[in-house]
Each structure stands twice: as C-alpha cells, then as structure tokens.
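Just below is one structure, and these are the notes that go with it.
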Amino acid sequence: MLNKGDKVSVLDEAINGVVLSVKNNEVTIETEDGFVMTFFVNELIKMHDSSNLMNSIKRINLSEVSKEKEEPKARSFVKERKDKREIPAPEFDLHIEKLVPNKRGMSNYDILTLQTETAKRHIEFAIRNRIPKIVFIHGVGEGILKAELDFLLGRYDGIDFQDANYQKYGLGATEVYFKQNTK
C-alpha cells in the first residue's frame, strides 16, 4: 500500500514525512524536519493531494475504524461484604428538610439547634437501648453541623465516632460507636 516517495502522516502524532523504505510491516520515513524514523504500517496514513480527497475517504474501511473506537468495558466496583447476621446501623438524616415540613421563618441558629437536639435525642435513645452503632447523615456543606456534632459527641463518655463509610456516604456522614458496659 505504501511505496517509496509517498507522503505520509503519523496517526496520533503531529509528524509528516516521505517514505524512504518499506520492509515487511515497518516503514522508514524522513520527517519534514529531516529526521529518519521507523513506524509500523498501521501507524501511518498516506497523504493525498486535496483533489484526490474523496477517493481516499471512500477507501477507509469502516469496520477497522469502528473497531478502534469501541468503548472500553466499564470498571466493576467492589461491593462491601456484609455478614448476613449483621443488623445494619440505624441512619438518622439531620438535613433540615428531613426534620421539618417547612423551614421558612427559621433562622440559621434555630435550624442548627433543632439538628443538634435531634442528634442528642438519638444518641440518648441509643445509649438507653444499648444500640451498638448509629450513623448520622449531616451532608458536607460548610461543615458547621459536622463540627457541632463532633462537639456534642465529644461530651459523652463511652462513645467513639469517625467518618462513615466513604463508598456509601461520601464525606457527609459520621458513624457513632457506643461502648457497652458488661454489668
């Protein structure tokens, strides 16, 4: 297909040149800058003058082009393995939209107070009922509710807390563990 003296362009690179020799599947070219380089035949495309452009378009093999343009397979994500006997931790969403039907007329202070009081009620309920762990969904936002929640949780003895599972909640949740007394 390529012969000595043909003008060629390298696919996926800005290199043009003239064919010096063709040996098996390898083509040696001299670039416009005077460098001698070797490429495989499938890395080069023969350049035609513009009057012959329609003929070169007709010769393009569509199956080869579509094979090159196939979409890669989607990545599979590893799912979190769960013990079948394990009961999932209760989740409590502290977004204001989930706590009141209409927040109109509430100041930021009122909203934050309602959210922290709700969290406090859930914490005390979990302690009374010996629930081993709960999850508070607070969202990312500016981090004010998360800071208040961290401060509230720090006031209790026997409580550990950390960011909840990133795959499931992103950065918008806190997991709370209650240390149980064996009395």
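Quick notes on this one:
- When 2, 171 are compared by accessible area at a 1.4 angstrom probe, the order from most to least is 171, 2.
- Against the criterion of solvent-accessible heavy-atom surface with a 1.4 angstrom probe, 99, 153 sort, most first, into 99, 153.
- Heavy-atom accessible area ranking, 1.4 Å probe, most first, across 43, 175, 13: 13, 43, 175
- Potential lengthening between residue 156 and residue 99 on full extension [0.36 nm per residue; Cα-Cα distance subtracted]: 18.2 nm
- Taking all protein chains together and rolling a 1.4 Å probe, residue 177 ends up with roughly 80 Å² accessible.
The values are calculated or read from the model by the stated rules, or taken from the named source; none is laboratory data. In this text the structure is predicted, and so the values were computed from the model without any measurement. These accessible areas exclude ligands, DNA and RNA; they are computed on the full protein's heavy atoms, side chains included. Shrake-Rupley method; radii C 1.70, N 1.55, O 1.52, S 1.80 Å.
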